[in-house]
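Contents: one structure, followed by commentary.
The values are calculated or read from the model by the stated rules, or taken from the named source; none is laboratory data. Keep in mind the model is a prediction, meaning the values are calculated, not measured. Because the Cβ atoms are built from the backbone with ideal geometry, glycine has one as well, and the counts that use them run over all protein chains shown. Ligands, DNA and RNA are excluded from the accessible area calculation, which covers all protein heavy atoms including side chains. Shrake-Rupley method; radii C 1.70, N 1.55, O 1.52, S 1.80 Å.
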Amino acid sequence: MSITLSDQDKSTLRTAAYGAVSLVAAAGAAGGKPQKIATDGSIALASATSLIGHVLGDRSKSIKLDSKSVAALADQVLPTLTAAVTLLEKQAPAEADNFRSIVRLAIETAQIRHGQPSPAMAEMVRRIIAALDAAGVATADSGAVPAAAAGPDRPELQKAIEEIVDSGFVGVSLRVHDERGEWVGSAGAAELGGTAKPPTNGHVRIGSNTKTFTATLVLQLVAEGKVGLDTPAADYLPEFGLDERITVRMLLQHTSGVFNFSGEVYDDGAVVLGIPMPYGPAGTEWLDNRLKTYRPQELVELALSKPARFEPGTGWSYSNTNYVLARLLIEKVTGRSLADEMRRLILGPLGLSGTVVPDASPEIPEPHAHAYYRYEEDGQQKTVDITRQNPSWISTGGDMISTTQDLHTFISALLGGKLLPATLLAEMCTPHPTGIPNMDYGLGVFVLTTDGGGTLISHNGAAVGHAALMYSTPDGSRTLTAALNCVDDADLSIAAAFQNAQQRLLNEVFGGGQADQAQPTD
């Protein structure tokens, strides 16, 4: 695909994109850091990839932003955003979507750095997103796939996702890449009571798929010589007093034995609670405080105040604490935030413009399907929209946001050898027993054995009302990625339907296989 842009077109794109960041900064000026906000958002634009990445990366004098007030700047920028998307839609709809995602990422970055958005900033972000979506809004709202991208007719896949909706989900979006090409479709609804289908490439909270991104990042630092895979984690994080026997490998492999800060269920049925979380007896406490911010350090400190589950290296137990420690290790070794390193080594090189490392921001970029939570109050069942939620309670155990397209691009590139040297990719995919039949764990990935004896590399995730699936053959040539939205509750009532949904899709795309039992606490 190629596009032809005149100098005026390029000026429009730059003015629109950098104008959006400036507008967010101006609206957040009451917070006292407009220059910092603008700088952080502009960095995100300058690192953009795709066909228009070079245009935005060049901050030339063609950027014309001469308005003095927030209102005047809005009058200039908002129509320009719509004009920018419109001109791209005419030549390459995929690039229009890329532009939307790039700008959303930039304003998301600005919001994160700013802290709690002011009402003025929140309203300006809403107006920016509305301007971006003004062109081609019908396609975005309906979830329809442009004819050129619709791919082969696969009625069996459409039937499968419709059956998944019938099993209790609000909506499902599915993307399959195989020898027959790409197929994309959706079923159900983006919102309870609505008629519009989920967007086929909408944003979704991906839960524990975050672990695969994080493990890849750690292994890239191993490749750079900054981290030793079998070096004690305590060498990098001495402040926590970690058991010296716990290595970096054990963190990524879930063999450290460290207590899971989101709670543990032991073999004898005993339950030890951690922080308030959506599932279990503290569900309503989590709901009432779903915008609360936790810092990674306090999650680790809580976990380390509890007895270890087993001696390091002597067992396997899924613990979100391992990946929060991995995050802190990344930041300690590089001196940069996880988000910055993720952009440097993964998001930027792969052009994953729809993927966000949210830290403590409760926002999720448009378009997206909505997430819900059901609870009981005064003997009555109530359901609340929880699409906005602060994911810092789970941190790097499962906080990221992405799209089915970005998940496909990521897992395909990872297993295709584009992110890691062959030796480290082999280490990542080497199975370690978990005690779960036909399901072992590598470093940030599950290694599944299908009924026919084949192998799949996977990680799935559930994130309170949202879920994401990511499966691939070991060479990255055949992939399945999906986004689901549902009504969640403290009793995990959706869990059985979620497990069946995974198996249903595996049967259709890979001819069967044991589904990755995504952890409900990620």
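Looking only at region 28-42, count how many residues are open to solvent by 10 Å² or more (accessible area, probe 1.4 Å) and either among the small types (Gly, Ala, Ser) or at pLDDT 85 or above (or both).
Total satisfying the criteria: 6.
Can you find a residue that is surrounded by fewer than 23 Cβ atoms within 10 Å (Cβ to Cβ) and over 19 Å from Ile401 (Cα atoms) anywhere in region 202-219?
no
Is it the case that Pro278 is assigned to a loop (DSSP other than H, G, I, E, B) and on the phi < 0 side of the Ramachandran plot?
yes
Between residues in region 111-139 that are over 11 Å from Leu78 (Cα atoms) and assigned to a loop (DSSP other than H, G, I, E, B) and residues that are at pLDDT 75 or above and open to solvent by less than 20 Å² (accessible area, probe 1.4 Å), which pairs lie under 8 Å by C-beta distance while being six or more apart or on different chains?
Pro117/Val125; Ser118/Ala27; Ala135/Val85; Ala135/Ala96; Gly136/Val85; Gly136/Ala96
Taking interchain pairs and intrachain pairs at least six residues apart, which have beta carbon atoms under 7 angstrom, with the first residue in region 245-269 and touching a residue at least 60 places away in the same chain (Cβ under 8 Å) and the second open to solvent by less than 30 Å² (accessible area, probe 1.4 Å) and part of a strand (DSSP E or B)?
Sorted first by the residue in region 245-269, then by its partner, the pairs are Gln253/Tyr441; His254/Tyr441.
Considering (1) under 30 Å from Pro433 (Cα atoms); (2) open to solvent by 40 Å² or more (accessible area, probe 1.4 Å); (3) in a helix (DSSP H, G or I), say which one Glu285 fails and leave the rest.
Result: Glu285 fails condition (1) only.
Looking at Gly444, Gly452, Gly435, which is the one that is among the small types (Gly, Ala, Ser), within 22 Å of Ser319 (Cα to Cα), open to solvent by 60 Å² or more (accessible area, probe 1.4 Å) and in contact (Cβ under 8 Å) with a residue 60 or more places away in the chain?
Gly435
List every residue pair whose Cβ atoms sit under 6 Å apart, with the two residues 6 or more apart in sequence or on different chains, where the first one lies in region 358-373 and is under 13 Å from Leu291 (Cα atoms) and the second, anywhere, is open to solvent by 20 Å² or more (accessible area, probe 1.4 Å) and assigned to a loop (DSSP other than H, G, I, E, B).
Ala360/Thr293; Pro362/Leu291; Pro362/Arg388
For every residue, the table says whether it meets (1) within 26 Å of the chain's Cα centre (by Cα); (2) under 19 Å from Gln297 (Cα atoms); (3) aliphatic (A, V, I, L, M).
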residue: Leu217; (1), (2), (3): yes, no, yes
residue: Leu221; (1), (2), (3): yes, no, yes
residue: Ala234; (1), (2), (3): no, yes, yes
residue: Gly241; (1), (2), (3): no, yes, no
residue: Glu244; (1), (2), (3): no, yes, no
residue: Thr247; (1), (2), (3): no, yes, no
residue: Gln253; (1), (2), (3): yes, no, no
residue: Val258; (1), (2), (3): yes, yes, yes
residue: Ser262; (1), (2), (3): yes, yes, no
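Checking Ala468 against (1) in contact with a strand residue (DSSP E or B) (Cβ under 8 Å, 6 or more places away or on another chain); (2) open to solvent by 20 Å² or more (accessible area, probe 1.4 Å): exactly one of these is not met. Which one?
(2)
Taking the stated definitions as given, is Ser402 within 14 Å of Ala468 (Cα to Cα), among the polar types (S, T, N, Q), open to solvent by less than 10 Å² (accessible area, probe 1.4 Å) and touching a residue at least 40 places away in the same chain (Cβ under 8 Å)?
Yes: the conditions hold for Ser402.
At least 1 residues that are in contact with a helix residue (DSSP H, G or I) (Cβ under 6 Å, 6 or more places away or on another chain) and farther than 21 Å from Asn98 by Cα in each: list the strands (runs of 3 or more DSSP E) lying fully within region 396-455 that qualify.
Passing ranges, in order: 432-436.
Do you know which residues across region 176-196 are in a loop (DSSP other than H, G, I, E, B), of a type outside the set (Asp, Glu) and at pLDDT 95 or above?
Ala189, Ala190, Leu192
Out of Thr200, Thr216, report the one residue that is of a type in the set (Ser, Thr, Tyr) and assigned to a helix (DSSP H, G or I).
The match here is Thr216.
How many of the residues in region 64-109 are of a type in the set (Ser, Thr, Tyr) and surrounded by 24 or more Cβ atoms within 10 Å (Cβ to Cβ)?
Number satisfying all stated conditions: 2.
For every residue, the table says whether it meets (1) modelled with pLDDT of 95 or more; (2) in contact with a helix residue (DSSP H, G or I) (Cβ under 8 Å, 6 or more places away or on another chain).
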{"residue": "Tyr266", "(1), (2)": "no, no"}
{"residue": "Gly269", "(1), (2)": "no, no"}
{"residue": "Ser305", "(1), (2)": "yes, no"}
{"residue": "Pro312", "(1), (2)": "yes, yes"}
{"residue": "Tyr318", "(1), (2)": "yes, no"}
{"residue": "Tyr323", "(1), (2)": "yes, yes"}
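Collect the residues in region 470-489 that are closer than 18 Å to His370 by Cα and touching a Phe, Trp or Tyr at 6+ places or on another chain (Cβ under 6 Å), keeping them in residue-number order.
Residues satisfying the conditions are Leu484, Cys486, Val487, Asp488.
How many of the residues in region 288-336 are open to solvent by less than 10 Å² (accessible area, probe 1.4 Å), in a helix (DSSP H, G or I) and touching a residue at least 60 places away in the same chain (Cβ under 8 Å)?
12
Name the pairs: first residue in region 459-485 and more than 13 Å from Leu505 (Cα to Cα), second residue of a type in the set (Phe, Trp, Tyr) and modelled with pLDDT under 95, Cβ to Cβ under 7 Å, at least 6 apart or on different chains?
Ala462/Phe498; Ala467/Phe498
Only residues that are more than 12 Å from Arg504 (Cα to Cα) and over 24 Å from the mean Cα position of the chain (by Cα): list them for region 159-187, please.
Asp166, Glu179, Arg180, Gly181
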